[in-house]
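Asker: One structure coming up, written as structure tokens, with questions to follow.
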Amino acid sequence: MLEQLNLDQALTKAEYQERLPELEERLYELQHRVFNAGIPVAIVFEGWAAAGKGTTINLFVAQLDPRGFRVIPILPPRTFETKYPWLWRFWLKIPARGQIVVFDTSWYRLVLIDRIKGTASKRTWLSAYQDITEFEEQLAADGAVIIKFWLHISKAEQARRFKKLLKTRLTAWQVTEEDAAQHKAYDDYLIAVEEMMARTDRYHAPWIIVEATNRYYTRIKVFEKTIRALEARLSAANGELLSLPASEPA
């Protein structure tokens, strides 16, 4: 599936600059409507190292009211966190009613990074799929909006971005040993990602694949898909017919 994507999709800088302000304004408006309606929103950003997760998240939250959102970066579990059921630390970070929580990587680490690195046994990561689907089902049943983005780039594009980042000390730190290992095992990760999507794509928690070669296209698609999801949820809650943004990326 992922290998068949058209990763050359792009927007020009002029198109991007023309469309972004309206989307930022609409997202800001929807944030307040979500808050007033008491709807929790969980937005998951997964994808390849150097695919642009961090920069996209920075732009995404830049115009939001800081009282109504949190950004949660997910790292390997700390010592005390390993003493609890593995999803415990994520339950502590779920959005409150009316709050938007953005996860910079997520509970999917176990079925991707830990699976490929071998730090989780096959039995562990296979059983994790059931835990994940039940976790997301419970959030959705309680009224949460769940949006999951996978930012996709080719192995060649990832190598090009790593090379650019490694040119200077100011950015070289962004390429970690874990990132380099991911690039080396790109084909294995690709298999894991395909399986992850097949097992966890649900109506209430869909995967949205973002062709991330062109940063302008990436950002606009993330905004528009989020706006569409929030409008749909508010429409269902209020019985209203809300307009969708025009000219959404394919």
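The values are calculated or read from the model by the stated rules, or taken from the named source; none is laboratory data. What you see is a predicted model; the values in this text were computed from it and never measured. No Cβ is skipped: glycine too gets one built from the backbone with ideal geometry, and neighbour counts run over all protein chains shown.
Asker: Go through the stretch 48-93 and give me each residue that's surrounded by 12 or more Cβ atoms within 10 Å (Cβ to Cβ), small (Gly, Ala, Ser) and touching a helix residue (DSSP H, G or I) at 6+ places or on another chain (Cβ under 9 Å).
Answerer: Ala49, Ala50, Ala51, Gly52, Gly68
Asker: Of these, Ser154, Ser243, which one is hydroxyl-bearing (Ser, Thr, Tyr), at pLDDT below 95 and either surrounded by 14 or more Cβ atoms within 10 Å (Cβ to Cβ) or out of contact with any helix residue (DSSP H, G or I) (no Cβ under 6 Å at 6 or more places or on another chain) (or both)?
Answerer: Only one candidate passes the filter, namely Ser243.
Asker: Return a yes/no flag: does the stretch 86-99 have any residue that is farther than 25 Å from His32 by Cβ, modelled with pLDDT under 95 and not charged (D, E, K, R).
Answerer: Looking for residues that are farther than 25 Å from His32 by Cβ, modelled with pLDDT under 95 and not charged (D, E, K, R), one finds none in the stretch 86-99, hence no.
Asker: Somewhere in the stretch 159-170, is a residue surrounded by fewer than 11 Cβ atoms within 10 Å (Cβ to Cβ) and under 29 Å from Val34 (Cβ atoms)?
Answerer: No: zero hits.
Asker: What is the number of the single condition among (1) part of a helix (DSSP H, G or I); (2) at pLDDT 95 or above that Ile208 does not meet?
Answerer: (1)
Asker: Also, I was wondering about something else. Restricting to the stretch 211-230, name every residue that is assigned to a helix (DSSP H, G or I) and of a type in the set (A, V, I, L, M, F, W, C).
Answerer: Selection gives Ile220, Val222, Phe223, Ile227, Ala229, Leu230.
Asker: Continuing with the same structure: Does the stretch 54-76 include one or more residues that are among the hydrophobic types (A, V, I, L, M, F, W, C), closer than 28 Å to Thr119 by Cα, in a helix (DSSP H, G or I) and modelled with pLDDT under 95?
Answerer: no
Asker: A follow-up question, please. Tell me which residues, restricted to the stretch 178-237, are more than 23 Å from Glu3 (Cα to Cα) and basic (Lys, Arg).
Answerer: Passing the criteria: Arg228, Arg233.
Asker: Hey, another quick one. Give Thr12, Thr79, Thr56 a once-over and let me know the one that is among the polar types (S, T, N, Q), more than 19 Å from Leu139 (Cα to Cα) and under 18 Å from the mean Cα position of the chain (by Cα).
Answerer: So the residue among Thr12, Thr79, Thr56 that is among the polar types (S, T, N, Q), more than 19 Å from Leu139 (Cα to Cα) and under 18 Å from the mean Cα position of the chain (by Cα) is Thr56.
Asker: Let me ask another. Residues Thr82, Thr119: which one is within 22 Å of Met197 (Cβ to Cβ) and of a type in the set (S, T, N, Q)?
Answerer: Residue meeting the stated conditions: Thr119.
Asker: Search the stretch 115-138 for residues that are free of Cβ contacts under 8 Å to residues at least 40 places away in the same chain and pair each with any residue that is surrounded by 14 or more Cβ atoms within 10 Å (Cβ to Cβ) when their beta-carbon atoms are under 7 Å apart and the residues are at least 6 apart or on different chains.
Answerer: Ala120/Leu110; Ala120/Asp114; Trp125/Leu110; Trp125/Val111; Trp125/Asp114; Trp125/Arg115
Asker: Let me ask another. Surrounded by fewer than 20 Cβ atoms within 10 Å (Cβ to Cβ) and among the hydrophobic types (A, V, I, L, M, F, W, C), is that true of Ala212?
Answerer: No, not satisfied.
Asker: For the stretch 115-127: of the residues being of a type in the set (D, E, K, R) and either surrounded by fewer than 19 Cβ atoms within 10 Å (Cβ to Cβ) or more than 20 Å from the chain's Cα centre (by Cα) (or both), which is nearest to Pro73 (Cα to Cα)?
Answerer: Lys117
Asker: May I ask you to verify whether Ile132 is surrounded by 17 or more Cβ atoms within 10 Å (Cβ to Cβ), out of contact with any Pro (no Cβ under 8 Å at 6 or more places or on another chain) and of a type outside the set (S, T, N, Q)?
Answerer: yes
Asker: For the stretch 153-205, how many residues meet the condition of being over 19 Å from Arg109 (Cα atoms) and touching a strand residue (DSSP E or B) at 6+ places or on another chain (Cβ under 8 Å)?
Answerer: 1
Asker: Right, another one. Got a number for residues in the stretch 187-207 being in contact (Cβ under 8 Å) with a residue 60 or more places away in the chain and more than 19 Å from the chain's Cα centre (by Cα)?
Answerer: Summing the residues that are in contact (Cβ under 8 Å) with a residue 60 or more places away in the chain and more than 19 Å from the chain's Cα centre (by Cα) in the stretch 187-207 gives 1.
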